[in-house]
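Data first, discussion second: the structure below is written as structure tokens.
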Amino acid sequence: MILHTQPAPPTRPLPKEVTDPMMQLLGFGVYFAGAIFVVAILAGAGLLWWVFWLGNPTTAVVRKIAWVIGSAIAVGSAGQIAGFVLS
């Protein structure tokens, strides 16, 4: 019979030598995700301006670029939310 048990939570907090690099890495990740998010929002706004306000056709290449920008927005916002939850 196999028992699936969860490990016990630590009785003492992790030492500062462990938590400091983890928090620094989390900070870098959140900063990078924020930069991706802002750049993707700006690129998406530029693409929308180029297609709709200038009247350029929406070709297959433009749709692919829009998918990449949309994916970058999703990844950037997910990174920001994950950083907020973990910090």
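The values are calculated or read from the model by the stated rules, or taken from the named source; none is laboratory data. Please read all numbers here as calculations on a predicted model, not as lab measurements. Cβ sites come from the backbone with ideal geometry, for glycine too, and all protein chains shown count toward neighbours. Surface accessibility is based on the protein's heavy atoms, side chains included, excluding ligands, DNA and RNA. Shrake-Rupley method; radii C 1.70, N 1.55, O 1.52, S 1.80 Å.
General observations
- Complete set of residues in the range 23-36 that are open to solvent by 100 Å² or more (accessible area, probe 1.4 Å) and within 12 Å of the chain's Cα centre (by Cα): PHE28, TYR31, PHE32
- Apart from one condition, GLY83 fits all of (1) free of Cβ contacts under 8 Å to residues at least 12 places away in the same chain; (2) part of a helix (DSSP H, G or I); (3) of a type in the set (Gly, Ala, Ser); the exception is (1).
- Taking first residues from the range 1-25 that are within 19 Å of LEU86 (Cβ to Cβ) and partners that are open to solvent by less than 100 Å² (accessible area, probe 1.4 Å) and modelled with pLDDT of 80 or more, no Cβ contact under 6 Å between residues at least 6 apart in sequence or on separate chains turns up.
- When restricted to residues that are under 20 Å from ALA78 (Cα atoms) and either free of Cβ contacts under 8 Å to residues at least 24 places away in the same chain or open to solvent by 50 Å² or more (accessible area, probe 1.4 Å) (or both), the range 37-48 contains 6.
- Filter pass, VAL51 being open to solvent by 90 Å² or more (accessible area, probe 1.4 Å), farther than 14 Å from GLY34 by Cβ and part of a helix (DSSP H, G or I): no
- Condition met for ILE81 (within 17 Å of ILE36 (Cβ to Cβ) and either acidic (Asp, Glu) or open to solvent by 100 Å² or more (accessible area, probe 1.4 Å) (or both)): yes
- Unique match (being exposed (fewer than 12 other Cβ atoms within 10 Å of the Cβ) and touching a Gly at 6+ places or on another chain (Cβ under 9 Å)) among SER71, SER87: SER87
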